[in-house]
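Structure first, then comments.
What follows is calculated from the coordinates using simple rules that are stated; it is not laboratory data. Keep in mind the model is a prediction, meaning the values are calculated, not measured. All Cβ positions, even for glycine, are placed from backbone atoms using ideal geometry, and neighbour counts span all protein chains on display.
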Amino acid sequence: MVKRTFNRAERVGGQVQRVLANLIQKGVNDPRLAQATITGVVLSRDLRIAKIYFATPGGEVEKETILSGFESARGFIKRELARELGLRYMPDLKFFYDGSFDYGAQINRVLKSLQTDDETNNPTTDEQ
């Protein structure tokens, strides 16, 4: 059994994700961010840059709106994260849209269409 060790950047990234998700849910009054879900946070090894990944039910269509919401709330978010985490240096926050959910939904639609097509072309009958 291999024991996985987490480095400090991974631990702090998990804390940032938890605090940020809670902050978006309860602390940020920007309606553009109401539908955003934080899917991951990756910190650089020196903890100076935090890449924050988000998804939204609206998909690619709402991406720019939510990005502008994050940009306008960046200062507030940094202050709140600094207060909660107590880090010596607060990382620079960079926000990115996580398209993996859209990709998964697209694959699901394709699989369902194949299943529907298969049922249409090869109907099962109980008359055999």
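Summary table
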| read-out | value |
| --- | --- |
| Cα lying deepest toward the dipole's positive end in the range 8-121, options L111, L47, A73, charges on Cβ | L47 |
| Long-range lysine pairs (8 or more apart or interchain), the range 12-101, Cα under 19 Å | 6 |
| Shape of the range 8-121, Cα gyration tensor, a/c cut at 1.5 | prolate |
| Dipole magnitude of the range 8-121, debye to nearest 20 (Cβ charges: Lys/Arg +1, Asp/Glu -1, about Cα centre) | 880 |
| Simple spin-label estimate for A82 and Q25 in nanometres, 7 Å along Cα-Cβ | 2.6 |
